[in-house]
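Below you'll find the structure, written out as C-alpha cells, and then a few comments.
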C-alpha cells in the first residue's frame, strides 16, 4: 500500500491550459484518498499520469452503469503527484434538457408500483451541454465549492468530468461502508426536505437495499446503520444520506463487493432487478459512466464514488450530462422534473 497523504512539501499549480493538453490522466479530489482532509478549499488534487500503464501500484477503476463488476476497466497509473489547480472562472454553458416523454414515463413507473412489481425506480434524463474543454466543465462544477468526489479522466479517447457528492463504497482492509443518498431540495429549502415523508421513505427503502447488500458480504451481526438520515449541504442543493457499515467475511474480494453494490441502489431503485427492468424499458439511451462507479484502489484500500453529476464527451465540444431522481407512488411528475433541474445547478448557469 502506498502512502499518499500527506503530500511531500509544496505542490505545483497547474492551470487550465496545462491540464487541457494532457492525455491519459486522472485528476481526483482528495475525497478519494484515505487520510486526506475533506472540505478544505486549499487541499491539493491528486494527479495520476500515464493512466493505462502496464505497471504502477495505484489503480483507477471505471465501471459504467450497464456493465457487470467483472467487466470493470482497471487502469494503472505510471505516476502520481499532488497538485494545486487553477480552474477557469465559471462561464455560462449552453445546457439543454429535453423532458419530452418524461411525464408519461413517470406515470408508467407509478402504475408499475401500484401493480406491486417494484417499490421505487430511479429515472434519469440526459442534458446536452456545450463546453470547449473539460477544464471549463470542471471549473463550473467547482466554482463555489469542490465536490467531495470531483474528477476529470481522459483515457483512450474517452473523457469524463464528474462532481459526485456520493460515496458508493469504501473498503479499508475488511471494513466496508456505503452512503446511500436520496432526497434533494434547493439550498434554501432544508426544512422542507427534512419534513418530506416521501423523501424520508425513499431514503429508508434504499438504505434497506444497501444493508441487504452488505449482509451478503459481511460477517454475521457486523452490519449496522450508523446514521439513518444525515443532511448534506451542497452549494446548489441540500440532500440526505444514510451511513451503513460492516466487516467483510474473510476471502471477500473488491470485485465481490462491487458485484453486490453496483449499480448503486440510489440510482436503480428497489427491488434492484425489477427497477433495472423499468429503467431499460423507459430510458432512451444507456447511462454509460453516469450512475456507474469511479474508484481509486491503493493496496487494501479503495474508494468508489457513485458517478452522479457526471458529464461525458460525445464529440467535439458536445457533452452529455445525466440528471435523475427516485420515483415512488407519491411522486408528482412536475415536482420530480423540478428536482432534476435543481441538480442541473451543479453546472452553474444554464438555459
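Coordinate-derived values only; no laboratory data. This structure is a prediction, so every number in the text was calculated from the model and none was measured. Neighbour counts run over all protein chains shown; Cβ positions are idealised from the backbone, glycine included.
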Note to self: Suppose we keep just the DSSP beta bridges with both residues in the chain; what percent of those would be antiparallel, to 5?
What the structure shows: 95 percent
Notebook entry, point to check: Build a GNM of the chain with springs between Cα atoms under 10 Å: which of 245, 40, 283 gets the top mean-square fluctuation?
Noted result: 40
Check: Sorting 215, 262 on the 10 Å Cβ count, fewest up front, what's the list?
Finding: 215, 262
Check: Between residue 329 and residue 212, what is the label-to-label distance in nm when each label sits 7 Å out along the Cα-to-Cβ direction?
Finding: 1.7 nm
Notebook entry, point to check: Which of 225, 323, 297 moves most in a GNM of the chain, Cα contacts under 10 Å?
Noted result: 225
Margin query: Order these by the 10 Å Cβ neighbour count, fewest first: 327, 340, 181.
Written below: 340, 181, 327
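Do the sum for the chain: with -39,500 (n - 2.57) for every DSSP H run of n ≥ 4, divided by all residues, what is the mean residue ellipticity at 222 nm, to the nearest 500 deg cm²/dmol? Working shown, then result.
Details: 8 runs with 81 residues, N = 351.
Rounded to the nearest 500, it is -7000 deg cm²/dmol.
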Next item on the list: Between residue 226 and residue 3, with labels modelled 7 Å along Cα→Cβ, what's the label distance in nm to one decimal, could you check?
Entry: 2.5 nm
Notebook entry, point to check: Any idea how far the Cα center of segment 259-290 sits from the one of segment 35-111, in Å?
Noted result: 18 Å
Margin query: Pick from 326, 251, 31 the residue whose mean-square fluctuation is largest in a GNM of the chain, springs joining Cα atoms under 10 Å.
Written below: 251
